[in-house]
1. What figure, in Å² to the nearest 10, do you get for the accessible area of residue 282 with a 1.4 Å probe and non-protein molecules left out?
2. How large, in percent, is the carbon and sulfur part of the accessible surface of the stretch 270-411 at a probe radius of 1.4 Å?
3. Ignoring everything but the protein chains, give the 1.4 Å probe accessible area of residue 431 in square angstrom, nearest 10.
4. Taking K and R as +1 and D and E as -1, what net charge do the other residues with C-beta under 10 Å from the C-beta of residue 168 add up to?
5. Bin width 10 Å, origin at 0, all Cα-Cα pairs of the stretch 420-499: what percent of pairs per bin?
6. Taking only protein heavy atoms and a 1.4 Å probe, what accessible area per residue, in Å², does the stretch 225-299 have with all protein chains in place?
7. Could you order 409, 223 by accessible surface area, starting with the largest, using a probe radius of 1.4 Å?
8. Could you report the stretch 379-510's accessible area per residue, 1.4 Å probe, as an integer in Å²?
Amino acid sequence: MAISSPDSRCLPKALHKFTKAMPSSVRRCSPPQGSCLAALLALAALASAGRLGGAAATTMGGSEGEWDVLSVVSSLLPSSTCTAPAAASNSTTLRVVHRHGPCSSLRSRGEPPSHAQTMARDSERLDAIHRKAGRATASTKLGGANVTLQARWGKPLGTSNYYITVGLGTPARNLSVELDTGSDQSWVQCEPCDDCYAQHDPLFDPAKSLTYAAVTCGAQECRQFGTQNCTSSEDDDRCPYALTYGDNSRSTGNLARDTLALAPGTTLPGFMFGCGHKDAGIFGEVDGLFGLSRGMASLSSQLAAAKLGAAGFSYCLPSTSSAVGYLTFGGANAAVAAPANAQFTAMLTGELDASLYYLNLTGMTVAGRAIKAPPAAFAAAEGTIIDSGTAFSRLPPRAYAALRSAFRRAMARHGYRRAPAPAPFDTCYDLAGHRTVRVPAVALEFGDGAAVRLDPRGVLYAWDEAFQVACLAFAPDPDLGVIGNVQQRTVAVVYDVGGAKIGFGAKGCA
């Protein structure tokens with residue numbers, strides 16, 4: 001859109017509001033009309049290059065509701081350079097990095113996935129969630145043979161795009177592992193590896209760790225978390241495990257325990273994980289995967305069992321792949337990691353799979369107005385799942401149709417042209433020639449009154465690198481409701497598992 005020259009009578013007032021606002025790249029001005037709006041947009045565009053993450057975003061209120069104004073290039077597309085990491089709040093805070101961005105050390109091989117590949121992976125993960133949330137047993141096929149997994153392990157969902165770096169063994173070996181709230185098991189690739197994918201770091205060698213110990217067939221954790229065909233022999237008494245993911249990626253090996261270093265001075269002795277010797281799939285170059293679900297084997301559950309923290313954690317996923325977020329494990333209380341503006345909503349207990357995180361999503365607003373969908377339109381079998389590995393949020397058809405209609409009406413008021421939409425999207429816009437774009441604010445509302453306003457970069461998704469097309473970053477699903485990681489960007493998400501609640505704090509990271 002064209003930006004006229006700012007009116008000199010309005011400029012001092014706009015500049016005053018601009019410089020006094022919080023350093024979050026989101027600015028507030030009311031009313032959003034006339035040359036005052038032009039002044040604010042011009043100032044936002046000029047200031048964008050010097051802000052954290054390079055984002056120029058203005059929040060507006062008034063008779064038209066709430067909107068965000070984004071710089072097309074600097075706000076919605078990642079930078080080619082890595083921005084400064086989020087500040088650590090305590091000694092158990094880890095950097096969360098997008099594995100395909102400039103902050104990642106895992107980009108030495110190949111190109112990042114295309115949009116089509118990203119959507120295919122997202123579809124595979126959703127298929128896995130469908131099977132996990134609706135399955136009667138945890139039976140799956142691996143390498144042509146049926147492998148039955150213990151129900152507590154469940155069927156993993158696939159992998160996310162975010163990873164952390166931890167130390168494993170004594171002396172500690174730094175490893176980069178993906179984090180996944182949909183899995184409770186953790187594993188890394190180990191020597192000797194008969195059939196492993198190429199990873200960034202050298203394989204973890206159990207023989208070089210003074211604290212490594214294999215889990216044996218007779219151990220209780222083998223009966224709980226290993227495969228059911230464990231047989232002991234004089235030559236090998238190790239407990240085997242076998243995992244498959246939604247895209248047929250897999251990891252097989254033996255269960256083990258070793259010392260895990262999360263941060264200097266914070267270690268977890270006897271951390272149980274899988275030592276993978278036959279692994280294959282689309283894992284990129286990560287060294288393994290750490291599960292953060294509600295299951296007993298997840299990292300957060302093991303920390304709580306060892307009395308090193310509450311049964312909970314918090315994270316903030318960065319706005320783009322060129323920024324850095326965080327993952328924090330709280331101290332005696334998970335609420336320690338909650339920002340002051342966090343609003344909490346109750347966690348629901350899934351009957352079919354209790355390891356996933358379910359919430360009671362009952363409504364949404366667009367540009368400050370409730371969409372025309374009753375709470376029943378958001379109802380899914382177990383509740384709405386919040387998941388770190390699914391990219392784009394899914395809504396039941398009635399709820400999605402109401403969101404789509406409200407969003408289209410809002411965008412039409414500002415004359416944005418519709419563009420052909422690639423599946424699974426159906427609401428896209430041609431933004432060629434626009435320096436900025438107005439995005440109607442979208443907020444999620446929960447049954448107990450909690451609400452979270454999404455970052456505008458979690459509402460509109462840039463489909464191509466030239467930013468000719470941008471799409472509403474939601475899609476319908478006939479059976480599931482899922483809050484994906486795109487919608488979680490820059491929001492501090494606090495998983496207070498012990499208190500059975502999840503909190504959301506806006507502007508948690510860049």
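The values are calculated or read from the model by the stated rules, or taken from the named source; none is laboratory data. Every value quoted in this text rests on a predicted model; they were computed, and no experiment measured them. Using ideal geometry, Cβ is built from the backbone for each residue, glycine included, and neighbour counts are taken over all protein chains shown. SASA here: full protein model, heavy atoms, side chains in, ligands and nucleic acids out. Shrake-Rupley method; radii C 1.70, N 1.55, O 1.52, S 1.80 Å.
1. 90 Å²
2. Here it works out to 56 percent.
3. 0 Å²
4. Result for the neighbourhood of residue 168: -1.
5. Here the calculated profile for the stretch 420-499 is 15, 43, 30, 11, 2, 0.
6. On the way: 2620 Å² over 75 residues.
On a per-residue basis, the stretch 225-299 sits at 35 Å².
7. Values: 409 125, 223 145 Å².
Correct descending sequence by accessible area is 223, 409.
8. Per residue, the stretch 379-510 has an accessible area of 31 Å².
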